[in-house]
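The structure under discussion appears below in the form of structure tokens.
What follows is calculated from the coordinates using simple rules that are stated; it is not laboratory data. Given the structure is predicted, the values throughout are model-derived calculations rather than measurements. Here Cβ is always computed from backbone atoms with ideal geometry, including for glycine, and neighbour counts include all displayed protein chains.
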């Protein structure tokens, strides 16, 4: 089960989040790092830890029953999430079910699972400097400065959820990309319009005009949502067209994309890059999905890794700005084919344009 199986909490949320990182006068501990080819990841490189090597609640790693409500996930990210012990209890009665160096999966008290990962990873491109300000409440502010002088400022809460992301050009012009700091009304799923259609984006000779029309279709509902609501509530993100990119395939337990696979993203990459050039506020959600082979928690982490590889490939090969993309894995919870086991059609990535869903767009 994934975050998408438990939309109730996200649907009912109607409070503005608070975090010390939102206060410019708050005191923080600062770390800084230069990003090089050696310490960044490309789409063709796999993750250091495979799913077989990952530790889970069913694995051999010694489990911890200690309740660690003060667990600081922001610091854990800096040390590597693999250091978070399987079985450990985090805040809000969540138990670690899977631990890898780049992602952990926790099980909530209601049995649903939540993926926790570093959303800044996509922005860590060679030639950049990454400065992270860590605050006492676990929230953080990360400033990625590029060689051209532009900066991307991302504020996250103690669970590493993005609260705000701003692009600041070299001349000081600011573009608000994501803003989850305002009060957003609860979601009444039953009142939402019917889902938008799915577009098959796997053909090698894909018509870019048809793809552009599908991806850029306007929203048919007169309200906006938080990024958390879009990520966590399937009925919300389904309001916009999903473009499936089935042409990109992955080896078992791998998230790497080679150059031949990346070429199959040509039409999608061109359309997204041009859309962002026309409107710098555009935001695209890259989703990852798996079949039901393997452990559900491992599939959740693997699907998110694969979504990240697709986003990285879009940046590397087609110059899509990474700050305009959000990635989210959903594991095995949303199969295209309702069938258990090794089903190729269920191992897929998909992309949605969520600009018109976001509450940020309503304030522009």
So for segment 152-223, using the alpha carbon gyration tensor with a ≥ b ≥ c as root eigenvalues (a/c under 1.5 gives rounded; past that, a/b versus b/c decides prolate or oblate), I'd call it oblate
Separation of the residue 337 and residue 30 label points, Cα + 7 Å toward Cβ, nm: 5.4
Cα-based shape type of segment 129-275, given that a ≥ b ≥ c are square roots of the gyration tensor eigenvalues and the cut on a/c is 1.5: oblate
Where a ≥ b ≥ c are root eigenvalues of the Cα gyration tensor, a/c under 1.5 meaning rounded, otherwise prolate if a/b exceeds b/c and oblate otherwise, segment 183-362 counts as oblate
Of all DSSP beta bridges in segment 183-362, what percent run antiparallel (nearest 5)? 45
